[in-house]
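Reviewing the structure listed below.
The values are calculated or read from the model by the stated rules, or taken from the named source; none is laboratory data. Values in this document were obtained by computation on a predicted structure and should not be read as measured data. Glycine gets a Cβ as well: all are built from the backbone with ideal geometry, and neighbour counts include every protein chain shown. The accessibility values were calculated without ligands, DNA or RNA, using every heavy atom of the protein model including side chains. Shrake-Rupley method; radii C 1.70, N 1.55, O 1.52, S 1.80 Å.
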Amino acid sequence: MTLAGGGWPEGATCVALSGGVGGAKLALGLSHVVPPENLTIVANVGDDFEHLGLRICPDIDTLMYTLSGLADQERGWGLAGETWRCMEALGRLGGETWFNLGDADLATHLERSRRLHRGECLTEVTGALCRSLNVGPSILPATDDRLRTIVQTDRGPLGFQHYFVRERCVPEVTGFTFEGAETARLSAEVSKAMTDPRLAAVVICPSNPFISIDPILAVPGMRDALRAVSAPVIAVAPVVAGEAIKGPTAKMMQELGLPVDASTPALRYRDLLAGYVVDDADADLAPAIEGEGVAVLSTGTVMRSLEDRVRLARAVMDFALNLPRDVG
Ligand code: FO1
């Protein structure tokens, strides 16, 4: 199977695991390569929190806004053309304004919270929001149960958004825990996508391994589901030449005493991976990763334009479709 000579193989499906900004860029590229009805994106929910009485799901929203063309590309999160009148008014009242919720973005949190209070699960609510915004691929929360990333730091444990936004990632990281993970369940929809006999590839997007991918893998059954798929599992490095494109990935690796380069995520997921995609700048890391039994593709992975996103998605898919399938 290859994309080189034609399009996506008829009927084949693809599952992508993603966090927010970096993952959403590749997810957008994938949505131009894989027919939307055949593409499922499993989103991290470890960043979610309850704030100002509302349920905020940043990674789901980043994916939803990116795939609907509504995202603020510069900022990486939230909606383009956003206004902040509610936050300004809240500030005048002495309310909590450290987490910036734009006026239009607030509508998403209001509608999500209303539906959740009415008893719908997060998968249903996300599906309804995506339909309203004309998002083609399925965006599925990794779990409908409560799962929260807690960052262990030199200043004590911090909820993810308190670490990331309020404390601007300044505290030194000593580890991570995923509150609720032990009892969280994979949703029926995620299980179905992972066991679809038409599944041709699973892509781990270039998202932070500790705070975006690990919380997805922490849902009981997810690792087993990945090991059980006959389709190749491919990850794309979230680090290029020792630096994260955006966010605290490199800082976290350094504080955790791990090598600050693209081999660290590959070795972290090595038991799950058939292939790993590094930037051309990191081609010299290939032999060490291949020595662990993971095939390596080196290509341009920095995604500045839509063209970059689609080109990388095609390269990842070509690589995946040409890897040997596990027939055991
Ligand atoms: N990130 C920030 O750095 N500052 C913010 O004030 C902020 C607000 C925000 C509101 C809604 C939303 O969906 C995302 C938001 N983000 C903000 C991004 C969020 O913290 C993400 O979890 C991270 O980008 C990690 O993926």
- Message: Can you go through LEU3, LEU63 and tell me which one is open to solvent by less than 10 Å² (accessible area, probe 1.4 Å) and at pLDDT below 95?
- Response: LEU3
- Task: Would you point out the residue of segment 37-60, among those that are farther than 19 Å from ILE211 by Cβ and within 17 Å of the chain's Cα centre (by Cα), that is most open to solvent (accessible area, probe 1.4 Å)?
- Result: THR40
- Being more than 20 Å from the chain's Cα centre (by Cα), within 16 Å of the ligand (Cβ to nearest atom) and open to solvent by less than 20 Å² (accessible area, probe 1.4 Å), is that true of even one residue in segment 165-181? yes
- Task: Looking for whichever is open to solvent by 70 Å² or more (accessible area, probe 1.4 Å) and either touching a Lys or Arg at 6+ places or on another chain (Cβ under 8 Å) or not polar (S, T, N, Q) (or both) here; the options are LEU133, LEU93, LEU129. Which one fits?
- Result: LEU93
- Please tell me if GLY257 is more than 16 Å from the chain's Cα centre (by Cα), surrounded by fewer than 16 Cβ atoms within 10 Å (Cβ to Cβ) and over 30 Å from GLY180 (Cα atoms). no
- Here the residues within segment 109-126 that are open to solvent by 20 Å² or more (accessible area, probe 1.4 Å) and not acidic (Asp, Glu) are LEU110, ARG114, ARG115, LEU116, HIS117, ARG118, GLY119, CYS121
- Message: Yes or no: segment 23-33 includes at least one residue that is open to solvent by 10 Å² or more (accessible area, probe 1.4 Å), under 27 Å from VAL233 (Cα atoms), polar (S, T, N, Q) and within 18 Å of the chain's Cα centre (by Cα).
- Response: yes
- Query: Just one of the numbered conditions (1) within 15 Å of the ligand (Cβ to nearest atom); (2) without any contact (Cβ under 8 Å) to a residue 12 or more places away in the chain; (3) open to solvent by 60 Å² or more (accessible area, probe 1.4 Å) is not true of HIS162; which one?
  - Reply: (3)
- Just one of the numbered conditions (1) at negative phi; (2) modelled with pLDDT of 95 or more is not true of GLY221; which one? (1)
- Task: Please find, among HIS162, HIS109, the residue that is farther than 21 Å from SER18 by Cβ and outside any loop (DSSP other than H, G, I, E, B).
- Result: HIS162
- Could you list, in sequence order, all residues of segment 66-77 that are modelled with pLDDT of 95 or more and surrounded by fewer than 16 Cβ atoms within 10 Å (Cβ to Cβ)? GLY69
- Task: Test each condition in (1) open to solvent by less than 20 Å² (accessible area, probe 1.4 Å); (2) in a helix (DSSP H, G or I); (3) of a type in the set (S, T, N, Q) for SER207 and report the one that comes out false.
- Result: (2)
- Give segment 262-296 a look and list any residue that's part of a loop (DSSP other than H, G, I, E, B), open to solvent by 40 Å² or more (accessible area, probe 1.4 Å) and either in contact (Cβ under 8 Å) with a residue 12 or more places away in the chain or on the phi > 0 side of the Ramachandran plot (or both), or say none. ARG270, ASP271, GLU292, GLY293
- In segment 148-180, what residues are aliphatic (A, V, I, L, M) and touching a Pro at 6+ places or on another chain (Cβ under 9 Å)? ILE150, VAL151, LEU158, VAL173
- Item | In segment 234-254, residue nearest to ARG75 (Cα to Cα) [restricted to those that are open to solvent by 60 Å² or more (accessible area, probe 1.4 Å) and in a helix (DSSP H, G or I)] | LYS251
- Query: Can you tell me which of ALA80, ALA104, ALA142 is open to solvent by less than 30 Å² (accessible area, probe 1.4 Å) and more than 9 Å from the ligand (Cβ to nearest atom)?
  - Reply: ALA142
